[in-house]
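The values are calculated or read from the model by the stated rules, or taken from the named source; none is laboratory data. All values derive from a computational prediction rather than experimental measurement. Note that we place each Cβ from the backbone using ideal geometry, even for glycine, and neighbour counts take in every protein chain shown. We work out accessible area using only protein heavy atoms, side chains counted, and drop any ligands, DNA or RNA first. Shrake-Rupley method; radii C 1.70, N 1.55, O 1.52, S 1.80 Å.
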Amino acid sequence: MAFDKFGRNIHYLRISLTDHCNLRCLYCMPEDMTFRPNADLMQDEEVLTLVKLFTELGFDKFRLTGGEPTVRANIVEIVRQIAQTPGVNSLSMTTNGVLLGKLAEPLKQAGLQRVNISLDTLDPIRFNSLTRWGKLDQVWDGILESEKAGLTPIKINVVVVRGHNDQDVPDMARLSYEHPWQIRFIEMMPFGGNSDFQQKQVVSDAELLELIQTNLDDPRLLDNGQLDGEARIYQLPGAKGTIGFISSVTNPFCAACTRARLTSDGKLRLCLLKEKEVDLLTPLRAGASLEDLKQVIKDGIWEKPWGHDLSKGKFATNRTMSEIGG
Ligand code: SAM
Ligand code: SF4
């Protein structure tokens, strides 16, 4: 098992399969984003070797993300191989859903268990402008196909940006009345490059809750406020689904963190919002033994920072969210 020096058992790995994306969400990356050359990204065999090493250290929960994981070549085969790796008990994906219309069923057949799909508004024009060119109906189709394929429970990630989609919060929450989905509102976080915009336009979870109370109803806090992953969960009266708040900025969940990240270029990132990373791909390519690599991972996990310092206005500037793997 892998522990950090604060006694947290770290067993959840989020893997960025690529920094590339077929959208350019305003809060995530610039329109003229430069992506890494494919040769710098972990190759399929390298991803699988690292997954195996992490399972040997007790990691049992894996999430594939990016960038956009579904644009990676061979995504179905990669999912199949990861799902078949002994020790992988939970395998999910965070995706923008654009390609799920055709990929949901093959991904499910390959062993993917669940998807979180990002959708910030139900207004096609605002969706198009927030993502810079996305088509809402493709994502909606992807959500329905995922549900049909059994990639459930479906979770919808909504990043709220003041002046862009804050007026859509009640409509997004309203989805939970009719659908057994978890609609999760995420406070926008600052990263390198785009931090000014991200800090100025953030909408706090307290404000989001108030928007829902004023426009819909009083949601009931579930599980005594215990986190489901990183989200605090509520339910509107009579709703089939739930709503969640991920309040990394105003109410961080660092004490309960069990996760580490693997960037698309093979770095172990110990905290989303801290720059500290440990290079795994270079020693793997240089022929390090698997036992040595395992020790590098263990030592890295031990040094996982306690938490982030967003409340003090400090954040990581060395990568965008899409490069780290959100
Ligand atoms: N492309 C996939 C997607 O959009 O779901 C996966 C990668 S994306 C970086 C993962 C999650 O991070 C998405 O739900 C996205 O909305 C969220 N995200 C991106 N930039 C963010 C930011 N600055 N603050 C908070 N969440 C952000
Ligand atoms: Fe792409 Fe996801 Fe970032 Fe949007 S949030 S630009 S879909 S990686």
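A few notes on this one:
- Cleavage-rule hits (chymotrypsin sites (Phe, Trp or Tyr not before Pro)) in region 173-274: DSSP loop, at most 10 neighbouring Cβ within 10 angstrom: none
- Rough spin-label spacing in nm, given labels placed 7 Å along Cα→Cβ, for D171 and V76: 3.4
- Computed from backbone phi, the HN-Hα couplings of region 71-85 come to 8, 6, 4, 6, 4, 5, 5, 4, 4, 4, 5, 5, 4, 8, 6 Hz, rounded to whole numbers (Karplus: 6.51 cos²θ - 1.76 cosθ + 1.60, θ = phi - 60°; Gly and Pro given as x).
- Note on the chain: with a GNM built from Cα contacts shorter than 10 Å, the maximum mean-square fluctuation among F54, F127, F35 falls on F35.
- Most mobile of Q226, Q113, Q201 in a GNM of the chain (Cα contacts under 10 Å): Q226
- Region 12-323, dipole about Cα centre (Lys/Arg Cβ +1, Asp/Glu Cβ -1), debye to the nearest 20: 360
- Where only C-alpha atoms are counted, convex hull volume of region 12-323 per residue in Å³: 124
- Sites counted here are trypsin sites (Lys or Arg not before Pro) in a DSSP loop (not H, G, I, E or B) having no more than 16 other Cβ atoms within 10 Å; the longest part of the chain that contains none of them is 6-131.
- Legend: distances between Cα atoms for K135/K155; K135/K240; K52/K148; K135/K274; K61/K294; pairs beyond 23 Å are K135/K240; K52/K148; K135/K274.
- For a 4.7 Å threshold on C-beta separation, the list of partnerless cysteines in the chain reads C21, C254, C257, C271.
- For the chain, the share of accessible area belonging to carbon and sulfur comes to 50 percent (1.4 Å probe, ligands and nucleic acids excluded).
- Sequence-distant aspartates and glutamates (8 or more away, or on other chains) whose Cα lies within less than 17 Å of K304: D4, E275, E277, D279
- Per residue, region 63-125 exposes 36 Å² of accessible surface when a 1.4 Å probe is rolled over the protein heavy atoms with every protein chain present.
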